[in-house]
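Engineer: Please see the structure below; I have some questions.
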Amino acid sequence: MDIQAVRVHLLKRREELRNRASRASADLRHESDPLSADFAEQVTQRENDDVLGAISQSAQAELRQLEAALRRLEEGRYTTCSACGEPIEEERLAAVPYTDRCRACAEGAPTSQHYSRHP
Ligand SMILES: [Zn+2]
């Protein structure tokens, strides 16, 4: 499997998502909404999520998965199942590039809370 190509692809995708976030964030700032009751709440949220708060939940979730995949890649664990330690099928990684589990674990573990994602 061409790890370098995967890495380039993931980095490119991350760049896209981040660009989208900063564009959306700029758009939000240009809105001239009057101060609403939940303005304070919005500010807190904005501070917490930085510019990422401006993009959709699904885009934020993708970005988090992407970052995790990149981290596994840097650590040489990208193709290793985080649940059983076996290699993840190449065609599975091609289809689901952010996955951290082999097909057997992904399909065989409907309740996947038995192990820690952050050991
Ligand atoms: Zn597995």
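The values are calculated or read from the model by the stated rules, or taken from the named source; none is laboratory data. Since we're looking at a predicted model, the values are computed, not measured. Glycine gets a Cβ as well: all are built from the backbone with ideal geometry, and neighbour counts include every protein chain shown.
Engineer: Against the condition modelled with pLDDT of 90 or more, among the hydrophobic types (A, V, I, L, M, F, W, C) and in a helix (DSSP H, G or I), how does L28 come out, does it pass?
Structural biologist: Working: modelled with pLDDT of 90 or more: no; among the hydrophobic types (A, V, I, L, M, F, W, C): yes; in a helix (DSSP H, G or I): yes.
For L28, the condition - modelled with pLDDT of 90 or more, among the hydrophobic types (A, V, I, L, M, F, W, C) and in a helix (DSSP H, G or I) - is not met.
Engineer: Follow-up question, since we're still on this one. Take segment 92-105 and flag every residue that is assigned to a loop (DSSP other than H, G, I, E, B) and within 16 Å of the ligand (Cβ to nearest atom).
Structural biologist: Pass one, segment 92-105, residues assigned to a loop (DSSP other than H, G, I, E, B): 96-102.
Across segment 92-105, the qualifying residues are V96, Y98, T99, D100, R101, C102.
Engineer: Considering only segment 5-16, state which residues are buried (at least 16 other Cβ atoms within 10 Å of the Cβ) and aliphatic (A, V, I, L, M). Outline the logic, then answer.
Structural biologist: Just the residues of segment 5-16 that are buried (at least 16 other Cβ atoms within 10 Å of the Cβ), to begin with: 6, 10, 13-14.
Answer for segment 5-16, where residues must be buried (at least 16 other Cβ atoms within 10 Å of the Cβ) and aliphatic (A, V, I, L, M): V6, L10.
Engineer: Quickly run through segment 80-103 and pick out the residues that are within 19 Å of A5 (Cβ to Cβ), of a type in the set (S, T, N, Q) and buried (at least 18 other Cβ atoms within 10 Å of the Cβ).
Structural biologist: Result: T99, single match.
Engineer: Further question on the same structure: Answer yes or no: is there a residue in segment 60-67 that is surrounded by 15 or more Cβ atoms within 10 Å (Cβ to Cβ), within 15 Å of the ligand (Cβ to nearest atom), under 21 Å from E15 (Cβ atoms) and modelled with pLDDT of 60 or more. Before the answer, list the steps.
Structural biologist: Taking segment 60-67 as the starting set, the residues that turn out to be surrounded by 15 or more Cβ atoms within 10 Å (Cβ to Cβ) are 60, 62-63, 65-66.
Those still in the list that are within 15 Å of the ligand (Cβ to nearest atom) too: none.
The answer is no, given that none of the residues of segment 60-67 is surrounded by 15 or more Cβ atoms within 10 Å (Cβ to Cβ), within 15 Å of the ligand (Cβ to nearest atom), under 21 Å from E15 (Cβ atoms) and modelled with pLDDT of 60 or more.
Engineer: Scan segment 58-91 for residues that are hydroxyl-bearing (S, T, Y) and either touching a helix residue (DSSP H, G or I) at 6+ places or on another chain (Cβ under 7 Å) or assigned to a helix (DSSP H, G or I) (or both) and report the count.
Structural biologist: The initial filter retains those residues of segment 58-91 that are hydroxyl-bearing (S, T, Y), namely 58, 78-80, 82.
Next, from what is left, pick out any that are either touching a helix residue (DSSP H, G or I) at 6+ places or on another chain (Cβ under 7 Å) or assigned to a helix (DSSP H, G or I) (or both): 58, 78-79.
Number satisfying all stated conditions: 3.
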